[in-house]
Amino acid sequence: MFTGLIETVGRVGAVQALGSGVQLEIETPFADEVVAGDSLAVNGVCLTVTPAEAGRLRADVGPETLRVTTLGSMQSQHLVNLERAMRADARFGGHFVQGHVDGTGVVQSVRPDGDSHWLTISLDRSLAPYCIPKGSIAVDGISLTIAALRDLEFDVMIIPYTWQHTNVHTRRAGDRVNLECDMVGKYVARAAQLAMTAS
């Protein structure tokens, strides 16, 4: 379980083929603080850390994850949002994020608004039922609030701190991003679907 509060931005050092998947090598200040088997959210995708070395950690990415997330397009030098799994004794912030990406969206525009920025992101129709105005959504692992919602796109505002301390400042129109809808909304939508089926 994660919170969507990004701890640091890492840099992809290498992407190596591993059967039908890949192994990501990521340079990060807290590489020495994680051990093999730890969970780590990389751009919102929950991965398992494999043995790390000074200043670098590694994580294997399976073929299904490559298909349904943006990790299949990772290249050396790409910046990635990193968050370690939430500790049971830690203060909780953000919202419940599982690291199980529901799909990808496409950045339609990035617009400055004073010191902040607006992002408009399009999403697949299958994700639309799980999005509500003022609801939570994780974009590349960042806990954000849907400020405006239209048929198949939504707006989020990026405050200066988030702009400076995540990789969102690298995003441009046309970029794909990982989306994870609010877990509570998914349970409610599923319960309503089952209720309609039973009636």
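The values are calculated or read from the model by the stated rules, or taken from the named source; none is laboratory data. As the structure is a computational prediction, the values presented were derived from the model and not from experiment. Heads up, the Cβs are rebuilt from the backbone with ideal geometry, glycines too, and the neighbour counts pull from every protein chain shown.
Quick notes on this structure:
- Residue match in the stretch 86-107 (condition: assigned to a loop (DSSP other than H, G, I, E, B), farther than 26 Å from residue 10 by Cβ, not charged (D, E, K, R) and not assigned by TED's automatic domain parsing to the domain that holds residue 38): no
- Checked across the stretch 182-194, the condition of being at pLDDT 95 or above, in contact with a Ser or Thr (Cβ under 8 Å, 6 or more places away or on another chain) and surrounded by 13 or more Cβ atoms within 10 Å (Cβ to Cβ) holds for no residue.
- The stretch 175-199 - residue that is within 17 Å of the chain's Cα centre (by Cα) and not in a helix (DSSP H, G or I) and, of those, farthest from residue 125 (Cα to Cα): 175
- Looking at 155, 60, just one residue is part of a strand (DSSP E or B), in the same structural domain as residue 21 (by TED's automatic domain parsing) and either of a type in the set (S, T, N, Q) or out of contact with any helix residue (DSSP H, G or I) (no Cβ under 7 Å at 6 or more places or on another chain) (or both), and that residue is 60.
- Filter pass, residue 177 being at pLDDT 95 or above, crowded, with 20+ Cβ neighbours inside 10 Å and under 20 Å from residue 6 (Cα atoms): yes
- Qualifying residue in the stretch 71-78 (condition: closer than 27 Å to residue 135 by Cα and surrounded by 20 or more Cβ atoms within 10 Å (Cβ to Cβ)): yes
- Every residue from the stretch 128-143 that is aliphatic (A, V, I, L, M) and buried (at least 24 other Cβ atoms within 10 Å of the Cβ): 137, 138, 139, 142
- Of residues in the stretch 164-173 being under 17 Å from the mean Cα position of the chain (by Cα) and farther than 18 Å from residue 93 by Cα, the one surrounded by the most Cβ atoms within 10 Å (Cβ to Cβ): 168
- Residue among 124, 140, 113 that alone is in the same structural domain as residue 180 (by TED's automatic domain parsing) and under 17 Å from residue 43 (Cα atoms): 140
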